[in-house]
Amino acid sequence: MKKLFTLTLITLLPFIALSQNRIGVFAGASNSTLSDGFLEKIGVESALGFHLGGLYEMELNEKIAFRPKLTLSFQGDREETNKTYIDASSIDYKLTYLNIPLNVKFFSKPYIIAGPQVGFLLDTKKGDINFGDLESSIDYGLNLGVGYDFKNIFIELNMYQGLQTLVHIESSSVESVEVDATNSVLQLSLGYYFN
């Protein structure tokens, strides 16, 4: 294992030394919901939240950079639910994640970002209607976004779709419906590069 780590470090050193690396911070508004499948809303209201974090950008060539982030994100359905019957739209879970998007940035003005993301659940607050514990404290999915750099400031719009089922819901309304709820998040960020 040590040999593999050392070999990887030696291989990456020239890229790190010759590349233009940047460190930055960002914060912004999030619109999150729980979905069943790819961006397929399950009836819960979208809820506003916020996110903040830091990033490291390593230029691989003139048009491509590796851009991992560390993000504290408030997700889930953050609105109060006042329903007397149980169905998929009754879910009221307020979730807090520490997310690690491993994005690749293409171009610079404007730019496109895409990549996988893994998230670690820090906190869960459930509403009056309880569908049970989450199936996993680890969330994973895909990011896609666009942004623009203004010297040391950047603005970015990012969409995340989770692939990990958070909770399985069986409806008790007239129609029997089963839902595997996942995270869907839209984020608007404003950020600053230190160098």
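FYI, it's all coordinate maths here, none of it is from the lab. Because the structure is a prediction, the values reported are computed rather than measured. For neighbour counting, all protein chains shown are included, and Cβ atoms are generated from backbone atoms with ideal geometry for every residue, glycine included.
Remarks
- Burial order of peptide ranges 56-66, 158-168, 100-110 (average beta-carbon count within 10 Å, highest first): 158-168, 100-110, 56-66
- Length available on full extension from PHE194 to LEU121: 0.36 nm per residue minus the Cα-Cα distance, which gives 23.4 nm.
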